[in-house]
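The values are calculated or read from the model by the stated rules, or taken from the named source; none is laboratory data. For clarity, every value in this text was computed on a predicted model and none was experimentally measured. Glycine gets a Cβ as well: all are built from the backbone with ideal geometry, and neighbour counts include every protein chain shown. Surface accessibility is based on the protein's heavy atoms, side chains included, excluding ligands, DNA and RNA. Shrake-Rupley method; radii C 1.70, N 1.55, O 1.52, S 1.80 Å.
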Amino acid sequence: MIWRRGRYLEDAETTARMLVGAVLVRKTTEGEMAVVITETEAYGGSFRGVPDDSCHAFKGCTPRTEVMFGPGGYAYVYLIYGMYCCLNLVTGAEGIPGGVLIRAGMPLAGLKLIKKNRPGIQGYALTAGPGRLCRALQIDRSFNKYDMTAGGDMYIEDSLQKNPPQIDVSTRIHVDYAPLSHSFPWRFTLRDCPWISKG
């Protein structure tokens, strides 16, 4: 079942946990691709009363972060290093910024097309890492502010597994610049799964 708006209205930490094991679907003119989400990170809000100063919205609403201040269920796609896109899913109620970075996924459907989008790449490197995942699934800046609940070209579906996934919790990657929140335990990975980023 496709996630509707209500599934995104929890805080970022809660949603990041729920997304592990869920399925990210991407439809294109060449075919449909899907991955099981294996790694997420939460951004926004606070942990034990300490604000998340690693969140892009920490310093307030800007043209870049405006989407994070809206209701949950929209995509926030931005560039890193000027060349790699990262997919975040906005969470929470309107006016309370938060989001979940989708860091990695395990191919479920459309592997031939995924490999075409990542020529010369094999194995875990196809989709393990936020930039790699976006390239594999043809997710670019045109998806910024995209409504994930509309059932269009990109959306989240419930897990195919009957039992809840086992999840490991750790600190987020590459947020050493944030003095207040660099040690927040807000990275969630599918236990014993090799399809996760290596840092």
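Ignoring ligands, DNA and RNA, what percent of the 1.4 Å accessible area of segment 61-194 is carbon and sulfur?
54 percent
Taking GluC sites (Glu not before Pro) as exposed when their DSSP state is a loop state and no more than 15 other Cβ atoms lie within 10 Å, the longest site-free interval of the chain runs over 95-199. Compactness of segment 1-112 is given as radius of gyration and Dmax, 14.4, 47 Å, from Cα positions.
Over all pairs of different C-alpha atoms in segment 29-69, the reciprocal of the mean inverse distance, the Kirkwood hydrodynamic radius, equals 13.0 Å.
Put simply, the amide H of H182, placed in the peptide plane, has no neighbours under 5 Å, leaving out anything fewer than 5 places away on its chain. Taking 4.7 Å between beta carbons as the limit, the unpaired Cys residues of the chain are C55, C61, C86, C193.
Per-residue surface analysis assigns H56 an accessible area of about 70 Å², computed on protein heavy atoms at 1.4 Å probe radius.
The string of couplings for segment 46-63 from the Karplus curve (6.51, -1.76, 1.60, θ = phi - 60°) is 8, 10, 6, x, 9, x, 8, 7, 8, 6, 4, 8, 4, 8, x, 7, 10, x Hz, one whole number per residue in order, with x for Gly and Pro.
Can you sort Y8, Y84 by 1.4 Å-probe accessible area, starting with the largest? Display every interim value, and only then the final one.
Details: Y8 0, Y84 75 Å².
Accessible-area ranking of Y8, Y84, largest first: Y84, Y8.
Stretching the chain fully between Q166 and K59 yields a gain of 35.1 nm (0.36 nm per residue, less the alpha carbon separation). Considering only alpha-carbon pairs that sit under 8 angstrom and 6 or more positions apart, the relative contact order computed for the chain is 29 percent. Backbone phi angles across segment 102-110, fed through the Karplus curve with coefficients 6.51, -1.76 and 1.60 (θ = phi - 60°), yield HN-Hα couplings of 8, 8, 6, x, 10, x, 10, 8, x Hz in residue order; Gly and Pro are listed as x. Centroid-to-centroid, using Cα positions, segment 153-199 and segment 1-74 are 12 Å apart. If the chain linking A109 and Q122 were pulled fully straight, counting 0.36 nm for each residue of separation and taking away their Cα-Cα distance, it would gain 3.1 nm. Sequence-ordered 3J(HN,Hα) estimates for segment 164-175 from the Karplus curve with 6.51, -1.76 and 1.60 and θ = phi - 60° stand at x, x, 7, 10, 9, 10, 8, 7, 6, 9, 6, 10 Hz, glycine and proline given as x.
The trypsin sites (Lys or Arg not before Pro) found in segment 82-165 that occupy coil by DSSP, while having at most 14 further C-beta atoms within 10 Å, are K145, K162. Using Cα-only point scatterers and the Debye equation, what is log10 of I(q)/I(0) for segment 90-136 at each q in 0.14, 0.15, 0.19, 0.20 Å⁻¹, rounded to two decimals? The Debye formula, applied to the Cα set alone, gives -0.42, -0.46, -0.60, -0.63.
Think of it as helices only: each DSSP H run of n ≥ 4 in the chain is worth -39500 (n - 2.57), and spread over all residues that comes to -3000 deg cm²/dmol at 222 nm. Positive contributions from Lys and Arg (+1) and negative ones from Asp and Glu (-1), summed over other residues with Cβ under 12 Å from the Cβ of A104, come out at +2.
Radius of gyration over Kirkwood radius for segment 60-199, both on Cα atoms: the Rg/Rh ratio is 0.95. Under 5 Å between amide hydrogens, built in the peptide plane, is the criterion, and for Y76 it picks out N88, L89, V90, K145 among residues at least 5 positions away or on other chains.
Taken along the Cα-to-beta-carbon direction at a fixed 7 Å, the label points for S142 and K27 span 1.6 nm. Taking only the Cα atoms of segment 1-60, the radius of gyration and Dmax are 14.6, 47 Å.
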